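The structure under discussion appears below in the form of structure tokens.
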Amino acid sequence: MNTSPSDGRDTKALPPAAILARRVHELTRHADVIALLPDAATAWICLDIAEDAARAINGSMAAAHVGADPERMVAAPEEIDLQMLRDMDEGSPQQRLERVISVFEDWKEANPSRSDLLLDDCRGDLGRCVTSECHESALVVTPCHGNMDARDAFHDLLFNEHKLVLVPPAGRYSGHLLQHVVIGWKPHGNAQAAIVAARRWLAVAERVTVLCVNDKPDGSYQFTARELITQLGLKGDIVAIRSEDRPVAEAILDFAGSVGATCLLIGAFKHAYFLELLLGRVTRHLLSHARLPLMMKH
């Protein structure tokens, strides 16, 4: 559990539990892929996907629970009151942690090779916990829906930490994460940043397709996509389609389904957070309707 301060104290002066907590937290912070588990309902699928993502690049994996805890927060009284009201619907911070631990232990027992993986824990101010657990990770696997912790952590990861985030599908995860990655491409900064951040995974994907929806008459979407892929030393097909009378998000999902995509990569939310509440239709639709893992970066 992540309860020990990073104050440089001699670990010999700390009790064994605190020493273990510090070591677990250090391993978690430096992992290539972290399964961030704010909600027990999605913990198993996040762990499965994180395991596949780490194995694909021969990288390290970690798992951590984060949760808001009004007793450990420094916040306005109204925020603390709001968090305390959650206990009636979602249980106390300790109960939420215990549910995540139960899923985590069951998941570990399902495969002996997972026996060495430990679960870190950070409760208090959720934003600080997200930063503490995920700041150095290359990829964070976490849900976008669920309890309040899940929704708030997802927001912090995208808009404050600007992390590459891999969101599990609403339904079942069928595995084969990188069998066929479809990239939704439009030449703007967020899409480019997402591809650059995901380069390690794209480089080992069995198949990559860059999808340009409603390209300009001069073919600029396809040209910039091919240019970026080449610069990064990646291989992939460039495909252009028209959305016709469908919303762009539906066209992307229809295409992904027709080619058997196993992961979808996009640049998430073109605008700042408050504008996205009004304008972020494509990303919101994909988050709500995708039946495959969705990798994104703002």
>> No partner Cβ under 4.7 angstrom, meaning no disulfide-compatible partner by this rule: which Cys of the chain qualify?
In response: Cys46, Cys134, Cys144, Cys212, Cys263
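With contacts defined as alpha carbon pairs under 8 Å and 6 or more residues apart, what's the relative contact order of the chain in percent? Before the final figure, lay out the partial values.
On the way: 542 pairs, mean separation 56.0, N = 298.
In percent, rounded to a whole number, it is 19.
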> When DSSP assigns beta bridges and you keep just the ones with both residues in the chain, what percent turn out antiparallel, to the nearest 5?
Replying inline: 10 percent
> Using unit Cβ charges (K, R positive; D, E negative) and no other charged atoms, how large, in debye to the nearest 20, is the dipole of the chain about its Cα centre?
Replying inline: 980 debye
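Determine, for each peptide in 132-140, 43-51, the mean count of other beta carbons within 10 angstrom over its residues, then list the peptides with the highest first. Let's see the in-between values first.
Working: 132-140: 21.4, 43-51: 23.3.
Highest to lowest by the protection proxy: 43-51, 132-140.
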> For the residue pair Arg207 and Ala41, what label-to-label distance in nm results when each label sits 7 Å from Cα along the Cα-to-beta-carbon direction?
Replying inline: 3.4 nm
>> Just to confirm the number: angle between the C-alpha axis of helix 93-109 and the first principal axis of the chain, 0 to 90 degrees, nearest 10?
In response: 70 degrees
>> Can you give the FRET efficiency to the nearest 0.05 for Leu27 and Gln95, using r as the Cβ-Cβ distance and R₀ = 30 Å?
In response: 0.70
> Restricting to lysine pairs 8 or more places apart or on different chains, what number in the chain have Cα atoms under 30 Å apart?
Replying inline: 17
> Put a dot 7 Å past each Cα toward the Cβ at Glu105 and Arg151; how far apart are the dots in nm?
Replying inline: 3.1 nm
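Distances over 27 Å make up what percent of all Cα-Cα pairs in the chain?
On the way: 18833 of 44253 pairs.
Tail of the P(r) past 27 Å holds 43 percent of the pairs.
Starting with the highest mean, order 18-24, 210-216 by the number of other Cβ atoms within 10 Å, averaged over the residues of each peptide. Intermediate results must be reported in sequence, preceding the final value.
On the way: 18-24: 16.3, 210-216: 19.6.
By packing density, highest mean first, the sequence is 210-216, 18-24.
Which order do the peptides 187-200, 61-74 take when ranked by the mean count of other beta-carbon atoms within 10 Å per residue, highest first?
On the way: 187-200: 18.0, 61-74: 22.4.
By packing density, highest mean first, the sequence is 61-74, 187-200.
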> Counting only DSSP beta bridges with both residues in the range 41-179, what percent are antiparallel, rounded to the nearest 5?
Replying inline: 0 percent
> Stretch Ala170-Val196 to full length: gain in nm at 0.36 nm per residue minus the Cα-Cα span?
Replying inline: 6.8 nm
> About its Cα centre, what dipole magnitude does the range 105-189 give when the only charges are +1 on Lys and Arg Cβ and -1 on Asp and Glu Cβ, stated in debye to the nearest 20?
Replying inline: 480 debye
> Which whole-number percent gives the relative contact order of the range 99-243, counting Cα pairs below 8 Å spaced six or more residues apart?
Replying inline: 16 percent
> Hey, with R₀ at 25 Å, roughly what FRET efficiency would Arg114 and Phe159 work out to, going by the Cβ-Cβ distance, to 0.05?
Replying inline: 0.20
> What is the helix-to-structure angle for 248-258, meaning the angle in degrees between its Cα long axis and the longest Cα principal axis of the chain, kept from 0 to 90 and rounded to the nearest 10?
Replying inline: 90 degrees
> Taking only Cα atoms, what is the 0 to 90° angle, nearest 10, from helix 220-231's long axis to the longest principal axis of the chain?
Replying inline: 60 degrees
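Give me the Å³ per residue figure for the convex hull around the C-alpha atoms of the range 38-187.
On the way: hull volume 20.1 nm³, N = 150.
Dividing the Cα hull volume of the range 38-187 by its residue count gives 134 Å³.
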> Normalised by the number of residues in the range 157-298, what is the relative contact order in percent for Cα pairs under 8 Å and 6+ residues apart?
Replying inline: 39 percent
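Compute the semi-axes of the equivalent ellipsoid of the range 79-155, taking the square root of 5 times each eigenvalue of the Cα gyration tensor, and list them largest first in whole Å.
Rounded to whole Å, the semi-axes are 24, 17, 11.
Quick note: the coordinates plus some simple rules give every number you see, no bench work behind them. Just so you know, these numbers come straight off a predicted model, no measurement behind them. Every residue, glycine as well, gets a Cβ built from its backbone with ideal geometry; the counts of neighbours run over all protein chains shown.
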